[in-house]
Amino acid sequence: MRNAVATSGTGRGSGADEVDRQLALRAATAGLSVAVGSLPVLLLLLWVETKWSPLLELDDGARDGLHRFALGHPAFTSVMEAVSAVAGGLGWQVVSVVLVVWLLWRRRVRVAVFVLVANAGSSLLNTALKDVVHRHRPVVAHPFIHPPGQSFPSGHAQAAATGFTVLLFVLWPHLRAGWQRRAAVVVAVGATLLIGFSRVALAAHFVSDVVAGYAVGVTWTLVLAAAFHVWRPPAARAHSAPRSRGVSRQGD
């Protein structure tokens with residue numbers, strides 16, 4: 001009997017140690033995500049504030065070249081305007097509401113909160129960064145659109161990076177390993193790049209604005225996902241299987 005009790009105690013101790021190791025790994029992952037994701041944003045911010053000539057040449061060259069092309073190709077401009085309109089704030093709000101309703105219907109309240117916090121928090125973070133940096137938008141002779149607010153970082157690019165990363169986290173467990181997951185990643189990355197490209201093509205943003213939006217969006221979502229994993233009840237963390245999962249399967 002004493003041996004059985006000792007064995008049971010040892011098992012619980014090992015389980016607790018494993019949970020602690022997982023928490024430490026998640027914390028380290030979150031810290032690494034912040035460091036890696038913040039580096040390009042800080043570099044771009046530094047180059048923007050100091051008016052680093054190579055960056056300015058890249059931004060101005062892309063703005064002028066794409067704008068000339070768009071002026072001569074109305075069909076191209078119409079496609080870019082459609083992409084930009086669909087990927088705006090209202091579009092992502094609709095996606096978030098549908099996703100949250102679906103998750104609540106499946107009784108995955110924790111993941112629904114994750115979706116809401118990720119998308120709403122990204123929008124607030126973007127507004128705060130724009131107010132701090134206060135970079136003016138590109139100026140062209142014949143603008144196609146007149147977006148309000150500041151330029152750095154791109155709200156469309158950040159929303160796309162955040163939104164598609166969230167979708168991959170949530171839907172990953174429901175996709176078959178192999179071609180379905182590869183296709184989901186390709187679609188998410190391709191759509192995100194297309195949205196950012198449309199903003200540069202319409203002279204709504206500089207290239208550096210878009211790249212910064214991507215970095216902020218992905219970093220924010222990864223850090224938040226790690227934080228939500230830590231938020232899980234201890235029992236759920238202890239009984240998690242050590243296989244690859246998305247957020248939606250973990251202790252809902």
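The values are calculated or read from the model by the stated rules, or taken from the named source; none is laboratory data. In this text the structure is predicted, and so the values were computed from the model without any measurement. Using ideal geometry, Cβ is built from the backbone for each residue, glycine included, and neighbour counts are taken over all protein chains shown. Each accessible area value is taken on the protein alone, full model and side chains, heavy atoms only, with ligands, DNA and RNA left out. Shrake-Rupley method; radii C 1.70, N 1.55, O 1.52, S 1.80 Å.
Observations on the structure shown:
- Some residue of region 24-35 being open to solvent by 80 Å² or more (accessible area, probe 1.4 Å), more than 25 Å from residue 196 (Cα to Cα) and either at pLDDT 90 or above or touching a helix residue (DSSP H, G or I) at 6+ places or on another chain (Cβ under 7 Å) (or both): yes
- Residues located in region 102-119, provided they are in contact (Cβ under 8 Å) with a residue 24 or more places away in the chain and in contact with a Ser or Thr (Cβ under 8 Å, 6 or more places away or on another chain): 103, 108, 111, 115, 118, 119
- Against the list (1) closer than 27 Å to residue 228 by Cβ; (2) modelled with pLDDT under 90, the condition residue 51 fails is (1).
- Single condition residue 99 does not satisfy, out of (1) surrounded by fewer than 13 Cβ atoms within 10 Å (Cβ to Cβ); (2) in contact (Cβ under 8 Å) with a residue 40 or more places away in the chain: (1)
- Qualifying helices (runs of 4 or more DSSP H) (wholly inside region 176-252; at least 1 residues being at pLDDT 85 or above, open to solvent by 10 Å² or more (accessible area, probe 1.4 Å) and closer than 26 Å to residue 130 by Cβ): 179-201, 207-231
- Boolean, residue 142 is in contact (Cβ under 8 Å) with a residue 24 or more places away in the chain and under 17 Å from residue 204 (Cα atoms): yes
- Considering the conditions (1) open to solvent by 50 Å² or more (accessible area, probe 1.4 Å); (2) of a type in the set (A, V, I, L, M); (3) without any contact (Cβ under 8 Å) to a residue 60 or more places away in the chain, residue 58 is excluded by exactly one of them, (3).
- Residues that are farther than 30 Å from residue 152 by Cβ, in contact (Cβ under 8 Å) with a residue 12 or more places away in the chain and among the hydrophobic types (A, V, I, L, M, F, W, C) within region 163-183 comprise 171, 172, listed in sequence order.
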